[in-house]
1. So if I place +1 on the C-beta of Lys and Arg and -1 on the C-beta of Asp and Glu, and nothing else carries charge, what would the dipole magnitude of the chain be about its Cα centre? I want it in debye, nearest 20.
2. Which order results if Phe32, Phe371, Phe84 are arranged by neighbouring Cβ count within 10 Å, fewest first?
3. Classify the range 309-362 from the C-alpha gyration tensor, please: rounded if a/c falls under 1.5, else prolate or oblate depending on whether a/b exceeds b/c.
4. As a check on your grasp of the helix formula, calculate [θ] at 222 nm for the chain: sum -39500 (n - 2.57) over DSSP H runs of n ≥ 4, divide by the residue count, round to the nearest 500.
5. Checking the cross-link filter: which lysines have an alpha carbon closer than 27 Å to that of Lys353, excluding same-chain neighbours under 8 positions apart?
6. Over the range 1-81, with a single point scatterer placed on each C-alpha, what log10 of the ratio I(q)/I(0) does the Debye formula yield at q = 0.20, 0.21, 0.22, 0.26 1/Å?
7. Based on Cα positions only, what radius of gyration and what Dmax would you give for the range 269-312, in angstroms?
8. Above 26 angstrom, tally the Cα pairs of the range 26-160 and express them as a % of all pairs, no decimals.
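Please treat every number below as a calculation from the coordinates, not as lab data. The structure presented is a predicted model; accordingly, all values stated were derived computationally and were not measured. For neighbour counting, all protein chains shown are included, and Cβ atoms are generated from backbone atoms with ideal geometry for every residue, glycine included.
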Amino acid sequence: MNLVYRSTRNGEETATASEAILKGLTNDGGLFVPDTIPKLKVSLEDLQKMSYQEIAYAVMKEFLTDFTEEELKNCINKAYDDKFDTKEIAPLVKVGDAYYLELFHGSTIAFKDMALSILPHLLVTSAKKNHVKNEIVILTATSGDTGKAALAGFADVPGTKIIVFYPKSGVSPIQEKQMLTQKGDNTYVIGIHGNFDDAQTGVKKMFSNKNLAALMNENGYQFSSANSINIGRLVPQIVYYVKAYTDLLKQGALKAGEPMNVVVPTGNFGNILASFYAKQMGIPIGKFICASNKNKVLFDFFQTGEYDRNREFYVTSSPSMDILISSNLERMIYRITGNDAKQCAAFMNALTKDGVYKITEEMKKGLSEFFGGYATEEETAAKIKEVYEAHQYVMDTHTAVAAVAYDQYVKATGDKTPAVIASTASPYKFTRSVMDAIDPSYDAESDFELADELNRISGVKVPKAIEEIRTAPILHHTVCNTEAMETEVKKILGI
Ligand SMILES: *Cc1c(COP(=O)(O)O)cnc(C)c1O
């Protein structure tokens, strides 16, 4: 029996896994959720003996039930290969009292690689399974990391084009250069005058524009999404939480069945939701510590039950978390309404219309395993410096936000359960902020010189992803206003 995926906004709209991957969003603008979260069929004991790829198969086969074993294993093996600079794929590193789950060993040195290295293969396989003849156009809004990871994943994949929109002045110089130097005949990168939410709203509008969909179809195209709302992004992210738990067992930090806590620097709520799904699958997890930066809409939500995006937007040193509309939270909202699509749709419509909604006390109980924390810019920088000085371990700004929230959690609760901190980017991706935090006197140099300086103080090799873009030519030049996003897409497709 195939697992049924249903819209968070309309109980009638269902899909198989491959259909959900192809579509990204549902027809009514909702998100696909599986009717139930399946259980892992492998024991904790046996999981410990498995490679990353084997764990990936054990997890993903439960969700992608209409993929054959051969199809899924093929996708996994194409994704988690020597694009990653370690066989472990996602190593767990103990630093002080915490365990850092390093999710940045892929080709673009941030955690988006964990899912975006496999999504193109899942998508092409899904297209084949569903007899899709149209060329697939991936449309993505990025706050920095998704863009490059998606471009790298889709570049020159036959039967696809990828168009990435990013906030022109909302990403780091290295992030921007990574995107603008992207090769591949099917890749397009466009800066917009606006912030990430503007970019995301523009993309969502195009996805739900029926006239545009018809025009595309006439011309042999159809949209799909690589954003973290796609179930094909979410499911691969469950894998590394399963792997982290087995590593804690192997390192003797836990006995089988004892819980770990997880701490996740959060933006769109995809990564932390994946950890929540890992628990539903059977992995013992105690608390989910949701870390925000100065854009602390989620922190406030966990405090009050009110989600309110009507507030000032800050550009911070952790730009991949500079988000006011946390898309994947919708899946959690749906769950805590008791899978009531009508009620969920009402909340989401209120969010679109008024920018705010408030959940009921009853619903709030469904969030009792979550703890919200947030870090100011000063706290983030101080954390990077503190851990560097105490342990010579250099972390990036996003990871530091999580480390601060973890301290807040321990202070508030005294809970010393072993905690896994999702380490979402290499410090080399945010070199300037990281070096500024450690010693601001480095400030005068270029970002690449700073990378060399970071290499000198940390002893960690400069990743290939940085070396490659040092001298690479800029290949993408388009910048537009938010109103012109659709026009730019039509221009690219010649329609
Ligand atoms: C995308 C991203 C995040 C936020 O992850 P979500 O799944 O959107 O919550 C955190 N850190 C980095 C480095 C990222 O790229």
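1. Working: 53 positive and 62 negative charges, 211 e Å.
It comes to approximately 1020 debye.
2. Phe84, Phe371, Phe32
3. On the way: a/c = 2.70, a/b = 1.89, b/c = 1.43.
Because a/c hits 1.5 or more and a/b exceeds b/c, the range 309-362 counts as prolate.
4. Numbers: 22 runs with 223 residues, N = 495.
Calculated at 222 nm, the ellipticity per residue is -13500 deg cm²/dmol.
5. Lys23, Lys168, Lys204, Lys205, Lys210, Lys294, Lys296, Lys342, Lys364, Lys365
6. The computed values of log10 I(q)/I(0) come out as -0.92, -0.97, -1.02, -1.18.
7. Final numbers for Rg and Dmax: 12.6, 39 Å.
8. Numbers: 2743 of 9045 pairs.
More than 26 Å apart: 30 percent of the Cα pairs in the range 26-160.
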